[in-house]
């Protein structure tokens, strides 16, 4: 069945499903009419270069993509909708086997049309070392970003997505397959768009896969940032960690739902999920629900946890005793909280570049 | 009368402090003239750390009476950051960890806040930082770590002393900075304290259980605290007396209602 037919055959997703518990599909859909797939959809502008502006060798942005390997088994609303809406705006980021430039590659997505959508397929070559940042910018009302692909055997990939949309809604759907002995750091930095719904799925279908999912989420005003992360261990000796930090100010709301699935036969799987929320105002709200489905007995460990609270008074006092005013100290503590995950996302070069982006946003949001 | 007697660096007058309705400090008086180092000794729970926290303005404590003057001016109404900028420094017994906040970045912002932005810029600051770290045997890689995150006990104490050296306070309060340090660590930390106070018109208040650090710092005066009161004060010889005899004899005399000079 083609994606359009598949989507139209589906009913409204059940809110009892983990993915749709907090932000229903009709709030995320570009028109609100969930029985339609909009026709007036423009592709966003794309550019690929290194942080220093050089055009990288060994990485190409090619129009079109090979057939997409299916998402792991669960709700197909977002995947079928996004595949349908991006049929004419599909690109592949192709990375040569053995690629190792020691530089961070940046894909900039600029979306200024009212409704915009793009499908980016990543093909990371075997034994390559690829550090990749996707920055989403613009003033569109709605942007759909579908990211699919696989990381080649033995490869090391730092894959970071930064949401800097000025307003509107971002629907992001990821389906990433992690190959044998491949290491992936999957980072999300979000401080843009009024509403974000992310449906991020990672599958380790080969032994030796290693995945570290990190989030640095900053919400303010009346933003709603909802991220759903599914990690599937479908092979022996696979490892995953999720460390998700959300700082919420104003009347904003962040949601983090995690689903960790360890299927039968995934002996030696080692997995853990931790959501931490920093509440910066009385009206801010943060919901985190990690869930586990483990059907293999011989695992190293599978755990999850969540913690929410305001800025620590003892930390504020400590910084105050070093001459930092309450506002300075609070701002530094928020930045530190977000930086503790951000700093694990990749190289020092990338980290410094990302900190600059985040600092501008902290100032702009008045936190 | 000496000028420093009129306006000592620190003058604590009949300070009474409580927390959650329980009185902890029951009227203490300490006067530290400029250029002097004083020490408070006493057992756990005697009120030593409370004294340090109240000087620095910890919000959990309620001052029920008395005053704390810094160079003649009351600081009780000031926020902790205002006290810091006025020249008060507290080295914590258990410094807070701040994951995600890099030491180098933190030091630059802190020095900029206390001593002004110019002091935290350029090669002068870098040289000052390098020199202080060298004195404390701290490697340059320390700067890229996160504040107190994963530090050993000794590293935390050295980092507190590093901050003290860079912030150049008028009054340094050191709350059990010697605990958890080996003998070399104590010597290094003591050198840092002497650096900040000796030969200057600054002052320091060292809070400790033990006399070891006092052998290297040689305080001008020692105050012994029991049950929220200063029960006796004396010269450096008092530390030796306490080291040899413990606190029992003092506690017994206090229990018997004996007044000390």
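The values are calculated or read from the model by the stated rules, or taken from the named source; none is laboratory data. Bear in mind that the values here come from a model prediction, so they are computed numbers and not experimental data. Please note: Cβ atoms are built from the backbone with ideal geometry, for glycine as well, and neighbour counts cover all protein chains shown.
Applying the criterion of at least 1 residues that are surrounded by 16 or more Cβ atoms within 10 Å (Cβ to Cβ) and within 14 Å of another protein chain (Cβ to nearest Cβ) to the helices (runs of 4 or more DSSP H) found wholly in the range B:1-112 leaves B:48-56, B:80-86. For the residues B:182, B:175, B:149, the requirement of being touching a residue at least 24 places away in the same chain (Cβ under 8 Å), more than 26 Å from residue B:30 (Cβ to Cβ) and in contact with a strand residue (DSSP E or B) (Cβ under 9 Å, 6 or more places away or on another chain) singles out B:149.
Matching residues to (1) farther than 14 Å from residue B:43 by Cβ; (2) modelled with pLDDT under 85; (3) in contact with a strand residue (DSSP E or B) (Cβ under 7 Å, 6 or more places away or on another chain):
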site	(1), (2), (3)
B:210	no, yes, no
B:225	no, no, yes
B:228	no, no, yes
B:231	no, no, yes
B:235	yes, no, yes
B:245	no, no, no
B:249	no, no, no
B:257	yes, yes, no
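Of the residues contained in the range A:282-301, none is found to be touching a strand residue (DSSP E or B) at 6+ places or on another chain (Cβ under 7 Å) and within 14 Å of another protein chain (Cβ to nearest Cβ).
Out of B:143, B:129, one residue alone is in a helix (DSSP H, G or I), within 14 Å of chain A (Cβ to nearest Cβ), over 19 Å from the mean Cα position of the chain (by Cα) and touching a residue at least 12 places away in the same chain (Cβ under 8 Å). It is B:143. Could you list all residues from the range B:197-225 that are part of a helix (DSSP H, G or I) and out of contact with any helix residue (DSSP H, G or I) (no Cβ under 6 Å at 6 or more places or on another chain)? Matches in the range B:197-225: B:197, B:215. Whenever a residue of the range A:302-320 is within 14 Å of chain B (Cβ to nearest Cβ), its partners that are surrounded by fewer than 17 Cβ atoms within 10 Å (Cβ to Cβ) and not in a loop (DSSP other than H, G, I, E, B), lying with C-beta atoms within less than 7 angstrom and at least six residues away or across chains, give the pairs A:316/A:326; A:320/A:326.
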